[in-house]
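Each remark here refers to the structure printed beneath this line.
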Amino acid sequence: MSSAWEGFELFKQGAEGRVYKGTYLGRPTIVKERFKKFYRHPDLDEHLTKERMKAEARAIARSKTAGVRTPCLYLVDFESRRIFMEEIQGSITVKKFINDTLSDCSEEDSFRTILPVATEIGSIVGRLHASNIIHGDLTTSNMLYSLSTEGQISITLIDFGLSHVENSAEDKGVDLYVLERALLSTHSNAEKLFPLILQSYKKVNVKDSKLVLDKFEEVRARGRKRTMVG
Amino acid sequence: MVIAIGFEGSANKLGIGIVKDGEVLSNCRRTYITPPGEGFLPRETAQHHREKALIILQEALDEAKVKPQDIDVVCYTKGPGMGAPLVSTSVVALTVAQLWNKPVIGVNHCIGHIEMGRLITGADNPTVLYVSGGNTQVIAYSRRRYRIFGETIDIAVGNCLDRFARVLKLSNDPSPGYNIEQMAKNGKKLLKMPYVVKGMDVSFSGILSFMEERAESLLDLGEYTAEDLCFSLQETIFAMLVETTERAMAHCESSEVLIVGGVGCNLRLQEMMGIMCKERNAKLFATDDRFCIDNGAMIAHAGLEMFSHGWKTLWEETTCTQRYRTDEVEVTWRGE
Ligand SMILES: Nc1ncnc2c1ncn2[C@@H]1O[C@H](COP(=O)(O)OP(=O)(O)O)[C@@H](O)[C@H]1O
Ligand SMILES: [Mg+2]
């Protein structure tokens, strides 16, 4: 184990753990380490970390079957709380991609550049949901943007710690709601972006998109109607 | 130099405070306390506010050593909150504004908490956890709005605590949450309960019904003490709040956290948040019960910021609203 870990360097501190970069079995590798969180009770920490690691490993594999690009899984080690996976080389987060584009280009140009990315996000989420995979944390920090050697846009979905498998329109609706809110709070063009995502979502998740979108509207309305006292 | 008076009465606290350009001159408050096992209802709470309003107003003026003619602007809580207490309090504010012939500003309660927290702690651009009896939100500022990154999808964290205190028949004096916090200090055994985090959102209603269903029998069987249950509840729901705050921080690349709202004076929550911050080289800002819990000075301060940037609420718009989201207000007093 210790040898596998040699030469890895801290790359980022994410929402749940630290992310390291290095080489494993000759391949460029990302290691996500869910280090012990001392703010929470050790039993709770142990339990959550195991669950999240299991969920992540499972969903990464399952999503591939659903036709959604995810990093290849190399190693899951519960002892050291580490997951080894393929590094998506030359990638940046979709969050950075969108914000960079918005700050570099005119509104019209940036719209044209971001459009295919929005379409791709919609169809990825559509494919996930068609296979009953709920991601649980759909934000633009958890999507990686890269270009293939042919110059094709490629979006890779990561960070499946909160995912689960459930054929539930409500859960899928909440998944979309989380995505919408993350977009609205992060990107100034979200009002235009999200409808595009929904459009391509509907095309891909033909099976239950009507039901899911109804639920989505319901969850949204609940949010607006909530009275807030105190 | 601007002097503002603020009237807050959106829930069971009535607060009147006076602020002079970021300096708190007075901050007087009374809480409507109900018997153990009972929550506060709109009608009785409004009555409490009406009865106490003039006493507290006099106190606030005396303590601040300010005369009505020194005051530049009268601020009141427009919402969100309970209808009757909101309106009762605003009537007092609007009346004195008419008597003293002063301009009026209606303030968003949540914005009041945030601006007061920033003023007292000096936090510059923090990720804000706003936790109280009626609100649970993870907020960050961008493009002239306090944007909501995460929130409860059902009941507020304080509501969950208050209702659990009713199950245990804990006293509401000074507040149910305070008494749970004291009990939890002597709890040891962690009861496993639902832990519901969806992205940056949380849910507490499942936890509450889980506890409501089981508390009595767990206590009767002697498996857990009341202290253990308070401890378990706090550990679980606070872990959820810290986790979602951390998610928002990672997403926004933020390195400051500010906790505001009544639940924010819970020292265990502050301690947990502090450890999380240390683990990611961030800084925690928190205040004590004078400013965390609903108060008049926060409404005065936020109103003063607005007033100084040209805001004025027209007389026909001096209404109250039970629903008033944090992100509805354009924050003209901060830069991009
Ligand atoms: N396979 C990968 N290839 C390249 N970068 C990655 C990969 N996995 C994660 N990252 C980077 O690390 C960050 C955090 O990873 P993530 O899985 O989202 O962890 P967390 O749960 O801590 O947010 C991502 O936003 C991304 O920048
Ligand atoms: Mg992430």
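Conditions: (1) at pLDDT 95 or above; (2) within 11 Å of another protein chain (Cβ to nearest Cβ). B:HIS251 meets all but one. Number of the miss?
(1)
Could you tell me whether the range B:103-117 includes any residue that is among the hydrophobic types (A, V, I, L, M, F, W, C), away from chain A (no Cβ under 14 Å) and more than 30 Å from B:TRP311 (Cα to Cα)?
Scanning the range B:103-117 turns up no residue that is among the hydrophobic types (A, V, I, L, M, F, W, C), away from chain A (no Cβ under 14 Å) and more than 30 Å from B:TRP311 (Cα to Cα).
Given the condition assigned to a helix (DSSP H, G or I), within 16 Å of ligand 2 (Cβ to nearest atom) and over 30 Å from B:LEU191 (Cβ atoms), answer yes or no: does some residue in the range A:53-67 qualify?
Yes, because at least one residue in the range A:53-67 is assigned to a helix (DSSP H, G or I), within 16 Å of ligand 2 (Cβ to nearest atom) and over 30 Å from B:LEU191 (Cβ atoms).
Out of the residues in the range A:133-168 that are of a type in the set (A, V, I, L, M, F, W, C) and surrounded by fewer than 19 Cβ atoms within 10 Å (Cβ to Cβ), which is farthest from ligand 1 (Cβ to nearest atom)?
A:VAL165
Please find, among B:LYS283, B:LYS278, the residue that is within 12 Å of another protein chain (Cβ to nearest Cβ), away from ligand 1 (no atom under 16 Å from the Cβ) and surrounded by fewer than 20 Cβ atoms within 10 Å (Cβ to Cβ).
B:LYS278
Can you find a residue that is in contact with a His (Cβ under 6 Å, 6 or more places away or on another chain), touching a residue at least 60 places away in the same chain (Cβ under 8 Å), under 16 Å from A:LEU144 (Cα atoms) and surrounded by 14 or more Cβ atoms within 10 Å (Cβ to Cβ) anywhere in the range A:97-106?
yes
If you go through the range A:115-123 one residue at a time, do you hit one that is within 16 Å of ligand 2 (Cβ to nearest atom) and either in the same structural domain as A:HIS187 (by the TED database) or among the small types (Gly, Ala, Ser) (or both)?
Yes, the range A:115-123 contains a residue that is within 16 Å of ligand 2 (Cβ to nearest atom) and either in the same structural domain as A:HIS187 (by the TED database) or among the small types (Gly, Ala, Ser) (or both).
What single numbered condition from (1) part of a loop (DSSP other than H, G, I, E, B); (2) surrounded by 16 or more Cβ atoms within 10 Å (Cβ to Cβ); (3) more than 14 Å from chain A (Cβ to nearest Cβ) fails to hold for B:THR332?
(2)
Taking the condition of a type in the set (S, T, N, Q), loosely packed, with under 15 Cβ neighbours inside 10 Å, modelled with pLDDT of 95 or more and away from ligand 2 (no atom under 16 Å from the Cβ), does A:THR29 pass?
So A:THR29 does not fit the description; no.
The rows are residues; the columns are (1) more than 16 Å from ligand 2 (Cβ to nearest atom); (2) crowded, with 17+ Cβ neighbours inside 10 Å; (3) within 25 Å of B:MET272 (Cα to Cα).
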{"site": "A:GLY7", "(1), (2), (3)": "yes, no, no"}
{"site": "A:LYS12", "(1), (2), (3)": "no, no, yes"}
{"site": "A:ALA15", "(1), (2), (3)": "no, yes, yes"}
{"site": "A:LYS21", "(1), (2), (3)": "no, no, no"}
{"site": "A:LEU25", "(1), (2), (3)": "yes, no, no"}
{"site": "A:ARG34", "(1), (2), (3)": "no, yes, yes"}
{"site": "A:ARG40", "(1), (2), (3)": "yes, yes, yes"}
{"site": "A:ASP45", "(1), (2), (3)": "yes, yes, yes"}
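Taking the range B:298-330 as the region of interest, how many residues are under 23 Å from B:ASN125 (Cβ atoms) and in contact with a helix residue (DSSP H, G or I) (Cβ under 7 Å, 6 or more places away or on another chain)?
Of the residues in that region, 7 qualify.
Give me the residue from the range A:81-110 that is more than 16 Å from ligand 1 (Cβ to nearest atom) and out of contact with any Ser or Thr (no Cβ under 9 Å at 6 or more places or on another chain) and, out of that set, modelled with the lowest pLDDT.
A:GLU107
Would a scan of the range B:185-199 turn up a residue that is assigned to a helix (DSSP H, G or I), buried (at least 20 other Cβ atoms within 10 Å of the Cβ), more than 16 Å from ligand 2 (Cβ to nearest atom) and modelled with pLDDT of 95 or more?
No, the range B:185-199 has no match at all.
The values are calculated or read from the model by the stated rules, or taken from the named source; none is laboratory data. Note that the structure is predicted; figures quoted are calculated from it, not measured. Note that each Cβ is placed from the backbone with ideal geometry, even for glycine, and that neighbours are counted across all protein chains shown.
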